[in-house]
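Shown below is the structure under consideration.
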Amino acid sequence: MMRFFLKVQAQRVIGLLPYSDAIYVWLQRRLTGSVAPRASDVMGKRAIVRDYIDMAARLAGKSVADLEPHLDIGSGWLLSLPLAFRQAGIKQQVATDIHAGAQLQDVAASAAIFDKVGLACLGQPKPGQDLTAWLSDLGIRYMAPAYAPFDLPPASFGLVSSTQVLMHPAPDVVQLIYAEAVRLLRPGGLFIATIKIYDSYCHADPSLTRFNFLRFSHATWERWFQNRFTPYNRMRPSDHRSLIEALPFEILHWEVQGGGPAELAELARITPHAEFASYPPEELAATGLKVVLRRR
Ligand SMILES: C[S@@+](CC[C@H](N)C(=O)[O-])C[C@H]1O[C@@H](n2cnc3c(N)ncnc32)[C@H](O)[C@@H]1O
């Protein structure tokens with residue numbers, strides 16, 4: 001618990017400093033090495049893209065070409081998902097993030113890992129080429145920092161994706177992102193999202209359960225734990241479902257992960273705050289959500 005608290009407080013302090021993004025990336029690079037691409041993570045992203053493309057074909061009869069252009073919301077520092085989509089044959093993409101964290105050497109290292117295993121060749125930047133120019137050669141426009149609603153024309157995308165992002169923004173921003181997908185997709189276009197909805201601080205502090213963040217009231221969470229780099233909205237599956245059902249989407253796939261006996265036993269180790277009393281235990285003990293939506 002102490003480790004978690006100290007980590008969050010350090011993130012909160014860094015978030016208040018000038019040039020906080022640059023300082024955070026520098027610290028991650030120096031202290032944790034988490035900016036450097038690891039083959040296992042990159043390969044994991046490749047499997048995710050394969051899953052998205054398979055689901056688009058199976059659930060909606062879409063070919064890869066039907067998914068163009070593709071908008072990725074929250075592409076991260078390594079742009080692994082846009083690179084994997086490119087390798088899978090998607091030639092026009094927009095990659096966005098609220099943090100402008102992507103750097104040429106990291107994205108090139110990520111591409112090199114893809115090229116070791118993939119059939120299509122992403123290649124490397126030409127001498128002297130900057131990130132924007134190289135990505136443009138790959139058909140990827142990188143927009144960061146960029147916030148929904150985006151400066152992009154309506155009904156212009158075949159696929160909008162957001163992978164491990166929607167657990168971070170405040171619920172009103174999540175609502176805005178769903179609404180933005182509606183605005184930007186062509187009729188029949190797809191929105192695909194995967195969302196981890198457990199407390200990821202358990203990875204840094206093994207004394208925590210995956211549901212630790214449910215112990216706190218909204219006021220306490222905002223006051224002591226929210227920070228610029230890893231905010232968590234703690235939304236449960238039904239919160240996402242309510243937002244989605246209010247929009248012109250057809251739900252093609254709705255998959256709630258977790259919520260079974262093992263997770264319920266883990267949930268029983270904590271006392272969720274009374275503000276979560278209206279949720280059934282299976283909702284509180286859910287660990288992930290995967291949704292495929294079709295724009296009506
Ligand atoms: C866990 S990373 C996932 C990165 C990438 N999608 C992947 O799977 O490799 C979460 C990313 O979401 C971004 N993010 C958080 N809130 C966002 C928002 N409101 N809009 C867009 N991106 C956001 C963060 O900056 C971060 O890069």
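Within segment 49-157, what whole-number % of the accessible surface is contributed by carbon and sulfur, with the 1.4 Å probe and all protein chains included in the calculation?
Whole-percent figure for carbon plus sulfur exposure: 57.
Okay, moving on. Mind jotting down the three principal axis lengths of the chain based on Cα atoms? Whole angstrom, largest first.
53, 45, 34
Could you go through segment 290-296 in sequence order and give the Karplus-derived ³J(HN,Hα) for each residue, using 6.51 cos²θ - 1.76 cosθ + 1.60 with θ = phi - 60°, rounded to whole Hz, and x for Gly and Pro?
So the Karplus estimates, Gly and Pro as x, are 10, 10, 10, 10, 10, 5, 6 Hz.
Could you list which residues have their amide H under 5 Å from that of GLN164, counting only those 5 or more apart in sequence or on another chain, with H placed in the peptide plane?
Answer set, sorted by chain and number: THR194, ILE195, LYS196.
If you take the Cα Rg of segment 150-251 and divide it by 2.2 N^0.38 Å, with N the number of residues, what do you get?
1.21
Sequence-distant or interchain residues sharing an amide H contact under 5 Å with LEU159, placed H: which?
So LEU159 has HN proximity to LEU71, LEU190.
For GLN226, what is the net charge nearby, where nearby means another residue's Cβ is under 12 Å from its Cβ and Lys, Arg count +1, Asp, Glu -1?
With Lys, Arg at +1 and Asp, Glu at -1, the net is +3.
Longer than 26 Å from Cα to Cα, which of LYS62/LYS126; LYS62/LYS91; LYS126/LYS196 are they? Say none if no pair is.
LYS62/LYS126; LYS126/LYS196
What are the ³J(HN,Hα) values, in whole Hz, obtained from phi via the Karplus relation 6.51 cos²θ - 1.76 cosθ + 1.60 with θ = phi - 60°, for each residue of segment 172-189 in sequence order, with x given for Gly and Pro?
5, 6, 4, 4, 5, 5, 4, 5, 5, 4, 4, 5, 8, 7, 5, x, x, x
In a GNM of the chain with a 10 Å cut-off on Cα contacts, which of PRO231, PRO272, PRO153 has the highest mean-square fluctuation?
Result for the chain, Cα springs under 10 Å: PRO153 fluctuates most.
I would also like to ask the following. Net charge near ASP137: determine it from the other residues with C-beta under 12 Å of the C-beta of ASP137, scoring Lys and Arg +1 and Asp and Glu -1.
Counting the neighbours of ASP137, the net charge comes to +3.
Report the local net charge at CYS121: Lys and Arg +1, Asp and Glu -1, summed over other residues whose C-beta lies under 13 Å from its C-beta.
Summing Lys and Arg as +1 and Asp and Glu as -1 gives 0.
Further, regarding this structure: Skipping prolines and chain starts, which residues have an amide H placed within reach, meaning under 5 Å, of the one on LEU252, given they are 5 or more residues away or on another chain?
When sequence neighbours closer than 5 places are left aside, the close amide H contacts are VAL292, LEU293, ARG294.
So with the 1.4 Å probe, I'd like the accessible area per residue for the chain, rounded to whole Å².
Accessible area per residue: 45 Å².
Identify which of GLN124, GLN164, GLN87 has the largest mean-square fluctuation in a Gaussian network model of the chain, with springs joining Cα atoms closer than 10 Å.
GLN124
Now a separate question. Please give the calculated 222 nm ellipticity per residue for the chain, where each DSSP H segment of at least 4 residues contributes -39500 (n - 2.57) and the sum is spread over every residue; nearest 500 deg cm²/dmol?
Result for the chain: -11000 deg cm²/dmol, rounded to the nearest 500.
Taking θ as phi - 60°, what are the ³J(HN,Hα) couplings along segment 13-28 by the Karplus curve (6.51, -1.76, 1.60), each to the nearest whole Hz, with x for Gly and Pro?
Residue by residue, segment 13-28 yields 5, 4, x, 8, 7, x, 6, 4, 4, 5, 5, 5, 5, 4, 5, 4 Hz.
Separate question: Rounded to the nearest 10 Å², what accessible area does TRP77 have for a 1.4 Å probe in the complete protein model?
Approximately 60 Å² for this residue.
The values are calculated or read from the model by the stated rules, or taken from the named source; none is laboratory data. Because the structure is a prediction, the values reported are computed rather than measured. Quick reminder, even Gly has a Cβ in these numbers, built from the backbone with ideal geometry, and neighbours come from all protein chains shown. Areas reflect the complete protein model, heavy atoms only, side chains present, ligands, DNA and RNA absent. Shrake-Rupley method; radii C 1.70, N 1.55, O 1.52, S 1.80 Å.
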